[in-house]
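The values are calculated or read from the model by the stated rules, or taken from the named source; none is laboratory data. Values in this document were obtained by computation on a predicted structure and should not be read as measured data. Cβ atoms come from the backbone with ideal geometry, glycine included; neighbour counts cover every protein chain shown. The accessibility values were calculated without ligands, DNA or RNA, using every heavy atom of the protein model including side chains. Shrake-Rupley method; radii C 1.70, N 1.55, O 1.52, S 1.80 Å.
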Amino acid sequence: TLGEIYIEKKEFESALNILQKAQKSGHKSEKLYQNLGIALFHLGETQKAVDIYESAIKKYSKSPELLYNMGYFLFQTGRSAEAEEYLNEVIKLDSWNTNARLLLNQIRKIRKK
């Protein structure tokens, strides 16, 4: 989608505008929520990104991508305990998810200090 292209180009304002228009026109999908969260996160709107993901995870609770990104966003905002819960869910759904395993290890190392 055009929103994804803007995200790939790191044009997050443009991505957000396109994605919000799609949302307002009634479009709803896992990918739309995922991209909205990514754009918001990169624009410094972390809490809005978390809110979008919380809503999306209620609808798409078995999405490793949404769960991982939520864990990542929470980790980046210092909410490691919450992040760990989401990342553990990713591992339950996709035991080979390298990104989730790496981030979990990083969280555990920080916690041990």
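The figures follow:
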| item | result |
| --- | --- |
| Lone qualifier among HIS42, HIS27 - being at pLDDT below 95 and open to solvent by 50 Å² or more (accessible area, probe 1.4 Å) | HIS27 |
| Residues that are of a type outside the set (Phe, Trp, Tyr) and surrounded by 17 or more Cβ atoms within 10 Å (Cβ to Cβ), drawn from region 47-63 | ALA49, VAL50, ILE52, ALA56, ILE57, SER63 |
| Qualifying residue in region 70-79 (condition: among the β-branched types (Val, Ile, Thr), out of contact with any Phe, Trp or Tyr (no Cβ under 7 Å at 6 or more places or on another chain) and open to solvent by 70 Å² or more (accessible area, probe 1.4 Å)) | no |
| Lone unmet requirement of (1) modelled with pLDDT of 95 or more; (2) on the phi > 0 side of the Ramachandran plot for GLY78 | (1) |
| Positions within region 1-14 being assigned to a helix (DSSP H, G or I) and among the β-branched types (Val, Ile, Thr), in sequence order | ILE5, ILE7 |
| Region 62-87 residues that are of a type in the set (S, T, N, Q), paired with ones that are in a helix (DSSP H, G or I) and open to solvent by 50 Å² or more (accessible area, probe 1.4 Å) (beta carbon under 9 Å, 6 or more apart) | SER63/GLU30; SER63/LEU93; ASN69/TYR86; THR77/GLN47; SER80/ILE110; SER80/ARG111 |
| Candidate set from region 80-107 (those that are of a type in the set (Ser, Thr, Tyr) and over 22 Å from GLY44 (Cβ atoms)); member that is most open to solvent (accessible area, probe 1.4 Å) | THR98 |
| TYR33 surrounded by fewer than 19 Cβ atoms within 10 Å (Cβ to Cβ) and within 27 Å of SER14 (Cβ to Cβ) | no |
